[in-house]
Amino acid sequence: MADPKSFFLTPEIHEYVVAHGARPDAVQEALIAETAELPMAGMQISPEQGTFMTLLARLIDAREAVEVGTFTGYSAISIARGLADDGHLLCCDVSEEWTAIARRAWADAGVDPKIELRLAPAVDTLRALPDEEYVDLAFVDADKPSYAVYYEELLRRLRPNGVIMVDNTLWGGSIVDGSNNDESTVALRAFNDMVAADERVESALLTIGDGLTLLRKR
């Protein structure tokens, strides 16, 4: 099992949490193991977060979803499995190397017919989408300084009562460490403050993984 992404969870509590939800299947376990060998392995979401995302997609009966930041594809599997049978997930990334792993995993998981991958800067992909409210669910897990831009492009295309999930919003606890002022930390603080005050949405910062902000469009 992957190490806990929640900095406040012990390995024992993390194992208990995963064991008392829908555990990763063989495809997900293999993807966790393969990703663990990569230098950027920490970018993969936690198993319990994936379970939550699948459940949420089902709860809101999502059909049209967008993911910004795909990495090796675990989060995309989680979302795609929660979509309706005719659902569509657009994945935005720039890495051919990492998404090649994702493509194999999607095929093994049987969700590849639901997934469309576009390799290009995500902001360009998002701005090329129809300028109408049709997206049911979105997930943002990419470069932190661009979070605010991704959020605005997604929110304008999100249907009322649609949901945006934003990852890493606790940032390993650095979000409240006043001595840490690197670019990503500062950007995340500004983003968190912005969405908490945004009257267009209802928001909750959940203590799942490394912090997962849940936003519902009013």
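The values are calculated or read from the model by the stated rules, or taken from the named source; none is laboratory data. The structure presented is a predicted model; accordingly, all values stated were derived computationally and were not measured. Note that each Cβ is placed from the backbone with ideal geometry, even for glycine, and that neighbours are counted across all protein chains shown. The area values use the complete protein model at the heavy-atom level, side chains included, leaving out ligands, DNA and RNA. Shrake-Rupley method; radii C 1.70, N 1.55, O 1.52, S 1.80 Å.
Here are some residues: D210, D182. Which one is of a type outside the set (S, T, N, Q) and either under 24 Å from T72 (Cα atoms) or touching a residue at least 12 places away in the same chain (Cβ under 8 Å) (or both)? Don't jump to the end; show me each part of the working.
Numbers: D182 fails: either under 24 Å from T72 (Cα atoms) or touching a residue at least 12 places away in the same chain (Cβ under 8 Å) (or both).
Within the list D210, D182, the selection yields D210.
Residue by residue through segment 84-109, note down the ones that are outside any helix (DSSP H, G or I), open to solvent by 50 Å² or more (accessible area, probe 1.4 Å) and within 22 Å of R58 (Cα to Cα).
We begin by selecting, within segment 84-109, every residue outside any helix (DSSP H, G or I); these are 84-95.
Now narrow it down to the ones that are open to solvent by 50 Å² or more (accessible area, probe 1.4 Å): 85-86, 88, 94.
Passing the criteria: D85, D86, H88.
All of R81, R58 fail the test of being open to solvent by 50 Å² or more (accessible area, probe 1.4 Å), touching a Ser or Thr at 6+ places or on another chain (Cβ under 8 Å) and of a type outside the set (G, A, S), apart from R81.
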